[in-house]
Amino acid sequence: MSWFSRLFGGKADEAEAPPPGDTEDYKGFRVTPQPMRDGGQYRVAARIEKDGRTHDLIRADTMASLDDAVALSLTKARQMIDEQGDRLFG
C-alpha cells in the first residue's frame, strides 16, 4: 500500500497474515489452521487436505486472539470432516 493511501486512511496491508498453526492429522485428513487478519481481529480459517486434494475453510467467525482463532479453526475443521468427510472435495 502506498504512503499516500495510508496518509488518508487506507487500510493496512492485508498481506500481514499470521503464520499458519501446527498441522494435525484428524481421521486421515491433514488440518492446518490459517487464521486471517481481519481488522484488529482474526477470521477463522483452515486448510484441509487428503490424498492431494485441498479444501480451504473460511468462516465468518472472528476472534480477538490469534490463539483463540487457531483453536476455533481446528474445531470447525474437525466438525466439517465429521459432517462431510470426503465430500468436502466434491
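Since every read-out is calculated from the coordinates, none of them should be taken as a lab result. Computed from a predicted model, the values in this text were never measured in an experiment. FYI the Cβ positions are ideal-geometry reconstructions off the backbone, even for glycines, and counts take in every protein chain you see.
The table that follows gives values for the structure above.
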read-out: Alpha-carbon spread of the range 24-89, three principal axes, descending order, Å; value: 35, 18, 15
read-out: Charged-residue dipole, Cβ positions (Lys, Arg, Asp, Glu), the range 24-89 about Cα centre, Debye nearest 20; value: 140 debye
read-out: Vicinal HN-Hα couplings computed from phi for the range 53-68 (Karplus, 6.51 cos²θ - 1.76 cosθ + 1.60; Hz; Gly/Pro x); value: 9, 9, 10, 9, 9, 10, 10, 7, 4, 10, 10, 6, 9, 4, 4, 5
read-out: Residue-wise HN-Hα coupling along the range 25-31, computed from phi with Karplus coefficients 6.51, -1.76, 1.60 (Hz; x: Gly, Pro); value: 9, 9, 6, x, 9, 9, 10
read-out: Percent RCO, i.e. relative contact order, over the range 39-90, from Cα pairs under 8 Å lying at least 6 residues apart; value: 36 percent
read-out: Karplus 3J(HN,Hα) series, Hz, for the range 34-39 with 6.51 cos²θ - 1.76 cosθ + 1.60 (x for Gly, Pro); value: 9, x, 10, 5, 9, x
